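The values are calculated or read from the model by the stated rules, or taken from the named source; none is laboratory data. Just so it is clear, the structure is predicted and the values come from calculations on it, not from any experiment. Because the Cβ atoms are built from the backbone with ideal geometry, glycine has one as well, and the counts that use them run over all protein chains shown. These area figures cover heavy atoms from the full protein model, side chains too; ligands, DNA and RNA do not enter into them. Shrake-Rupley method; radii C 1.70, N 1.55, O 1.52, S 1.80 Å.
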Amino acid sequence: MPHRNSAQLGDHLEALLTGFPMARSLSWDPLGFVRPFRNDPRAAEIAGVFAATVAVGNVKTIHADLQDLFQRMGGDPRGFLERFPSRTWRFRLAPWRHRWIRADQMGFLALRLREVYENFPGGLQEVVEEGMRTPGAGSDMARGLDALSRSLRHGGLEAPRTFYEPPPGYAALFPSPLGPGHPACKRAALFVRWMVRRTEPDLGLWTRIPPAALRIPLDTHIYWIARHLGLTRRMARDWTTVEEITEALRALDPWDPVRFDFALAHTGISGDCPKRRDISVCGRCAVQPDCDLWAGRWRRTLPAVPAPLRMPTPP
Ligand code: SF4
């Protein structure tokens, strides 16, 4: 059941968004690698898939590794895909690596994307839309993300299977909300948010899917703040929690429920919120009246979150 801590939460989130240093956070966000391509929807989509797939872990490491990956693609992911030599897919991006994500997996993703575009001229929007329209278990967006993940994994929807077999661990990069354990699928939800939302910082390139259908990309930072603002009481960071937090936010803005996602996530990522009661910081926090931690309200122990980062001045 969706709930929230105070009737004024919507106004407070609005104040947070209005005063948020968007340019500072964008200079470190993976979305910063996609925005330069926004005038070419296909190029933005390709850049977005690679950027979202790598969006796991520390934001500084993500930034450095994405910079390296895009340089290896000649700064032109679409051209890279179109000219990608199929025979050398295992080695073309080596020795690039981001945590457990390897160059051969990114090479295979390039092959898969090229196949998906051959079979779906409307691109990944068509894949997600078709999934949302197909009757079945789960919500419309759960089915849309499931279709997206299947198409990127191997032989999704009606796409033929590629001649090449995926490298070890490749399929695990694209979980589905309908899969075992119903994972939150943060990276897929984030990619779709970038493509669908019509206002900054997102790109609004997928005009056939309404922002109202989006779900919150649930990472540790969003989970932490959602718990303390009373948007969820659940302990599990799974798809059910995604639905619950989104439902609570939908009560504030039915047409664009994930409007506050960027500001809320970066409040944690940037270290603006110290994740403890600190009068020198909390005193000027826009959502302080809604925050359980500030109010000293009892909570069961939350799972550990990464230490916040203090961002250097954008380059
Ligand atoms: S009141 Fe303090 S702990 Fe709560 S969200 Fe704001 S900065 Fe973070």
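Worth a mention:
- Of the criteria (1) in contact with a helix residue (DSSP H, G or I) (Cβ under 7 Å, 6 or more places away or on another chain); (2) closer than 16 Å to Leu113 by Cβ, which one Trp28 fails: (2)
- Restricting segment 286-303 to residues that are more than 10 Å from the ligand (Cβ to nearest atom) and under 20 Å from Ile216 (Cα atoms), the residue that is modelled with the highest pLDDT: Leu302
- Residue under evaluation Leu9, criteria (1) assigned by TED's automatic domain parsing to the domain that holds Pro175; (2) buried (at least 19 other Cβ atoms within 10 Å of the Cβ), criterion not met: (1)
Table: residues versus (1) open to solvent by less than 10 Å² (accessible area, probe 1.4 Å); (2) not in a loop (DSSP other than H, G, I, E, B).
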| site | (1), (2) |
| --- | --- |
| Pro168 | no, no |
| Ala172 | no, yes |
| Val192 | yes, yes |
| Leu205 | no, no |
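- Residue within segment 269-285 that is more than 10 Å from the ligand (Cβ to nearest atom) and crowded, with 16+ Cβ neighbours inside 10 Å present: yes
- Enumeration of residues in segment 230-240 that are surrounded by 23 or more Cβ atoms within 10 Å (Cβ to Cβ) and within 20 Å of Leu293 (Cα to Cα): Leu231, Thr232
- Scoring Tyr164 on the criteria (1) modelled with pLDDT of 95 or more; (2) open to solvent by 50 Å² or more (accessible area, probe 1.4 Å); (3) over 25 Å from Glu244 (Cβ atoms); (4) not aliphatic (A, V, I, L, M) leaves a single failure, condition (1).
- Unmet criterion (only one of (1) open to solvent by 10 Å² or more (accessible area, probe 1.4 Å); (2) assigned to a helix (DSSP H, G or I)) for Gln105: (1)
- Residues located in segment 241-255, provided they are in contact with a helix residue (DSSP H, G or I) (Cβ under 7 Å, 6 or more places away or on another chain) and open to solvent by 10 Å² or more (accessible area, probe 1.4 Å): Leu252, Pro254, Trp255
- Residue pairs whose Cβ atoms lie under 8 Å apart, separated by 6 or more positions or on different chains, with the first residue in segment 266-290 and closer than 17 Å to Thr18 by Cα and among the hydrophobic types (A, V, I, L, M, F, W, C) and the second more than 8 Å from the ligand (Cβ to nearest atom) and assigned to a loop (DSSP other than H, G, I, E, B), are Cys273/Pro308; Ala286/Gly19.
- Qualifying residue in segment 87-99 (condition: touching a Lys or Arg at 6+ places or on another chain (Cβ under 8 Å) and assigned to a helix (DSSP H, G or I)): no
- Considering only residues in segment 207-231 that are in a loop (DSSP other than H, G, I, E, B) and free of Cβ contacts under 8 Å to residues at least 40 places away in the same chain, the one that is nearest to Gln125 (Cα to Cα) turns out to be Thr207.
- Residue identified as farther than 22 Å from His63 by Cα, under 15 Å from the mean Cα position of the chain (by Cα) and either within 16 Å of the ligand (Cβ to nearest atom) or assigned to a loop (DSSP other than H, G, I, E, B) (or both) among Arg234, Arg259: Arg259
- Scanning segment 34-52 for residues that are over 16 Å from Arg114 (Cα atoms) and either crowded, with 20+ Cβ neighbours inside 10 Å or not polar (S, T, N, Q) (or both) returns Val34, Arg35, Pro36, Phe37, Arg38, Asp40, Ala51, Ala52.
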